[in-house]
1. What are the ³J(HN,Hα) couplings of the stretch 151-156, residue after residue, when phi is run through the Karplus curve with 6.51, -1.76, 1.60 and θ = phi - 60°? Round to Hz, x for glycine and proline.
2. Given H placed on each backbone N at 1.01 Å, which residues far from Tyr104 in sequence or on other chains put an amide H within less than 5 Å of it?
3. With the cut-off at 1.5 for a/c, could you classify the stretch 139-195 from its C-alpha gyration tensor as rounded, prolate or oblate?
4. Could you pull out every residue, at least 5 positions away or on a different chain, whose amide H is within less than 5 Å of the one on Val131? Hs are placed 1.01 Å off N in the peptide plane, and Pro or chain starts have none.
5. Determine the dipole magnitude for the stretch 160-297: charges of +1 sit on the beta-carbon of Lys and Arg, -1 on that of Asp and Glu, nothing else is charged, the reference point is the Cα centre, and the result goes in debye to the nearest 20.
6. Would you mind pulling out the separation of the Cα centroids of the stretch 1-68 and the stretch 163-184, in Å?
7. Keeping every protein chain present and rolling a 1.4 Å probe, give me the accessible area per residue for the stretch 1-105 in Å².
8. Within the accessible area of the chain, what % is carbon and sulfur when the probe is 1.4 Å and the other protein chains stay in place?
Amino acid sequence: MADIAPVLKAVVPAAGLGTRFLPATKATPKEMLPIVDKPAIQYVVEEAVDAGLSDVLMITGRSKRSIEDHFDRAYELEEALRAKGDDGRLEAVRESSDLAIMHYVRQGEPRGLGHAVHCARQHVGREPFAVLLGDDMIDARDKLLRRMIEVRNQYGGSVVALMEVEPDQVSAYGCAAIEATDEDDVVRISDLVEKPAAEEAPSNWIIIGRYVCDPAVFDVLEKTPPGRGGEIQLTDALRTLADTPADQGGGVFGVKFRGRRYDTGNKLEYLRTVVQFAAERPDLAPEFIPWLREFVRQHDGVGDAGGA
């Protein structure tokens, strides 16, 4: 096995067009849509920082400048809040700019997740790194990324996060063929398939948006042709690494995640996420939950085929 270097950097691809949220995302990045009062992308950066990764590279594109502004200082706003003595909001504004050392690079054209990750090569160099997708939010109480880094430190290679789903859901994700290890939550991955038909899926374990990659992935991505959807798929590169010797940065492992995951990639799941977060906020829950109960009671049965 090659020497196991520490994981110190995080890469966050955020260059997508956000077409499922149009027209809201015509001028506002999907990643900046709020989960109550904090943009989704901030939760992702906070997760990276909590796992010990304070060096964060954001892969952005056109019309994404507000992401950079959000993680920058807002001196005029801070001064106005300071003058009003509004320390609570001042702290909230300062929080995002003090989170991490942020870097940015643009993906010139949307050519897939694999291409977006390859854009990080110059910044990452020959170090292992984590990849966090903005559509997936992991509950702060579930230390998935920390566990993945532990697995990388123990086994080397690359590590992906896996969740078990119903067979009819596998076609929307990358899917893994897995082999057991001595640890209940860790598997060795022998094959990966991007968005297979249900009858062709090697298992019900899908890849969710957390990866810890060996730097060997960059050489593979450079040679990986466009795959499903005409895009360069990170899944295809990891499939190659699964068959690559360990002393060349190969081997892919999976961490079975059974915790709380929030999907903000489509409108329905986004709304569910906002409601769940609001219901757990001490400043909102005492009024929001009774209102929500009454709202549901009043609308119970509305829209049913047999409703009056």
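1. Whole-Hz 3J(HN,Hα) from phi for the stretch 151-156: 5, 4, 5, 7, 10, x.
2. Met58
3. It is oblate, given that a/c is not under 1.5 and a/b is not larger than b/c.
4. Val11, Tyr211, Val212, Cys213
5. 620
6. Value for the Cα centre distance between the two parts: 25 Å.
7. Per-residue accessible area for the stretch 1-105 comes out at 53 Å².
8. Reported share for carbon and sulfur atoms: 50 percent.
The values are calculated or read from the model by the stated rules, or taken from the named source; none is laboratory data. As the structure is a prediction and not an experimental result, all values here were calculated from the model. So basically every Cβ, Gly included, is an ideal-geometry build from the backbone, and we count neighbours across all protein chains shown. These area figures cover heavy atoms from the full protein model, side chains too; ligands, DNA and RNA do not enter into them. Shrake-Rupley method; radii C 1.70, N 1.55, O 1.52, S 1.80 Å.
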